[in-house]
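Read through the structure below, which is laid out as structure tokens, and then see the notes.
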Amino acid sequence: MAVVLATSPAAGLPWSDGARSDGSLLERLTAQLLTLPVREVLVVVRSHDAQAGGWEKGAESGPRHQICVSDGLAEDLRIVAKTARASTSPVAVLAADVVAHTEALSLLLEHPARPTGAIVASGDPAPLRPPVRTEWGRVVSAGTSFHEVEWANGTFRGVLQVGEAHLAGLADIAEDLADLAQRRHLGRVGDGEVPELLLTGLVRAGVQVHAVALNTLHCGRAGTRPAAERAVRELADVDEAQARLDAAVKSGDGFFTTYCVSSWSRHLIRPAARLGLTPNTVTGISVGFAAIAAIWFSDGRRAGLVVGAAALYLSFVLDCLDGQLARYTRRFSPLGSWLDAICDRLKEYLVYVGLAAGYLAGSREPWEIWALAVGAMILQTIRHVVDFSYAGAMADRARAAGLRAAAPRPMAVPWDEAPAAAAAKGTGSVLALSRRLDALSGARGVAYWAKKMIVLPIGERMALISVTAALFDARVTFLALLGWGAVALAYTAAGRMARSFA
């Protein structure tokens, strides 16, 4: 279900791609939505627009297209609340003046997992594009013309989707906001800010909202006719097919993955799709290469170590490719996600065994190398436990916060709190320092990559194993894993505790 808010004059702006004119921005957006997995589009209009267009309240304009007349911001929000309560599937809320590639909309609305998410672009906040702060692919703070955002690093582009698990919370939040709007407690918030208000409400209620990045695609709101014409020209300048390929490659990976794997594995995505390979098939082939690497490592001689390092690198390339192929073909599944996580651990530990066995081929003392290998396994297991348990705890907290949103109570940050007062609240010295480093270093500066590498992500681990095994021996490999892994565990644990208390 999609709720399109045609409550601003910009919704009726004409659009043309230069070759033809296809009506208004509202008509264009509605047509795009109906090409996606959207069951029904509910268009909310003002009374004067309904009279001018000959629409009656609740009138049907098509089998999947309904018109609903509203008299103001409060009623807009109540319509969203009513829709959320009645829906049995995710609900999308969009402004009718959104000008976007269909592929940009599909990044959120066509995702098989149907998560709660918002389309966000990095960059400085601008009019009609309210500020947000994102961290690790989540929107952690969102604003309106009344609510400010500290450390803003992106903008919300007017497209929000709420998954089934959060629909009850959305309805409660929309009703709370409707009451505040009716009492004029939302300051200068305008009629066109319903998506922004709802995003702010969800984030403040503790709901995990995925930040869907645009990359080279365009999605934004046009407030004037020149802006609409400029936006349409920008759409024509982008190859959507190429953009879909670009979107399949994750933008938040580590340094090694970004520059030594994804820079060329992207060229394998389309051939893999044409061959009919599934992401799970690619995962299985990746496990096969890891087994080959372990066998060559067990040889113990320099040539075997070098070949094993090369096989491990190719295994990791395929490990990245399975996710890229899943995003490109949008063939996600819980089984595939589970297999990917399990196989990552299996491949890594197979390689540990192969390295230890190869080291023993030189008739050296077995206890030392096996102690190092087991120590590396235990350390890595502890790191995974810390990560997964923290993710589970955050998910539980978000669910609990979403349930608490249904009860009348003061929010952690009150809705009608003055923006200056909200901005005065600190976020914790550790987190504030982290964000200041990000701001000083830029989007891809030294501090950014240092924070990525210090946690020893899987790409850096595979590179560390391959390089040290090929140039030295298994003992050096395990010592390097233990040393860097201990630093990564300490850093991650400190960060998790700081965020938990923030």
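The values are calculated or read from the model by the stated rules, or taken from the named source; none is laboratory data. The structure presented is a predicted model; accordingly, all values stated were derived computationally and were not measured. Don't worry about glycine lacking a Cβ; one is built from the backbone with ideal geometry, like all the others, and counts go over all protein chains shown. Surface accessibility is based on the protein's heavy atoms, side chains included, excluding ligands, DNA and RNA. Shrake-Rupley method; radii C 1.70, N 1.55, O 1.52, S 1.80 Å.
Before moving on, here are some points about what is shown:
- Condition met for ASP416 (modelled with pLDDT under 95, closer than 30 Å to ALA181 by Cα and open to solvent by 50 Å² or more (accessible area, probe 1.4 Å)): yes
- Look at the range 244-269: where a residue is within 11 Å of GLN324 (Cβ to Cβ) and a partner is open to solvent by 60 Å² or more (accessible area, probe 1.4 Å) and part of a helix (DSSP H, G or I), sitting 6+ places away or on another chain with Cβ atoms under 6 Å, you get ALA248/ARG327.
- Candidate set: the range 325-344, residues that are of a type outside the set (S, T, N, Q) and free of Cβ contacts under 8 Å to residues at least 40 places away in the same chain; chosen: the one nearest to GLU103 (Cα to Cα): PRO334
- All of ALA121, ALA152, ALA142 fail the test of being touching a Ser or Thr at 6+ places or on another chain (Cβ under 8 Å) and free of Cβ contacts under 8 Å to residues at least 60 places away in the same chain, apart from ALA152.
- Only one of ALA407, ALA326, ALA398, ALA376 that is open to solvent by less than 60 Å² (accessible area, probe 1.4 Å), part of a helix (DSSP H, G or I) and modelled with pLDDT under 65: ALA398
- Evaluation of VAL189 against (1) assigned to a loop (DSSP other than H, G, I, E, B); (2) touching a strand residue (DSSP E or B) at 6+ places or on another chain (Cβ under 6 Å); (3) of a type in the set (Val, Ile, Thr) (one fails), failing number: (2)
- Residue tally, condition crowded, with 19+ Cβ neighbours inside 10 Å and closer than 13 Å to GLY300 by Cα, over the range 334-368: 8
- Residue count for the range 289-308 under the criterion of being surrounded by fewer than 22 Cβ atoms within 10 Å (Cβ to Cβ) and in a helix (DSSP H, G or I): the result is 9.
- Test: residue in the range 441-457 that is of a type in the set (A, V, I, L, M, F, W, C), open to solvent by 30 Å² or more (accessible area, probe 1.4 Å) and modelled with pLDDT under 80: yes
- Residues that are crowded, with 20+ Cβ neighbours inside 10 Å, within 18 Å of GLY123 (Cα to Cα) and within 17 Å of the chain's Cα centre (by Cα), drawn from the range 146-171: ASN153, GLY154, THR155, PHE156, ARG157, GLY158, VAL159
- The set of residues from the range 458-502 being among the basic types (Lys, Arg), at pLDDT 90 or above and either buried (at least 19 other Cβ atoms within 10 Å of the Cβ) or under 24 Å from the mean Cα position of the chain (by Cα) (or both) comprises just one member, ARG461.
- Which listed residue, of SER286, SER315, SER263, is surrounded by fewer than 18 Cβ atoms within 10 Å (Cβ to Cβ) and assigned to a helix (DSSP H, G or I): SER263
- The range 62-98, residues that are closer than 20 Å to LEU25 by Cβ and without any contact (Cβ under 8 Å) to a residue 12 or more places away in the chain: GLY62
- Here ALA231 fulfils each of the conditions (1) open to solvent by 40 Å² or more (accessible area, probe 1.4 Å); (2) farther than 24 Å from ALA113 by Cα; (3) touching a residue at least 24 places away in the same chain (Cβ under 8 Å) apart from (1).
- Filter pass, ASP179 being more than 22 Å from the chain's Cα centre (by Cα) and either assigned to a loop (DSSP other than H, G, I, E, B) or farther than 20 Å from ALA92 by Cα (or both): yes
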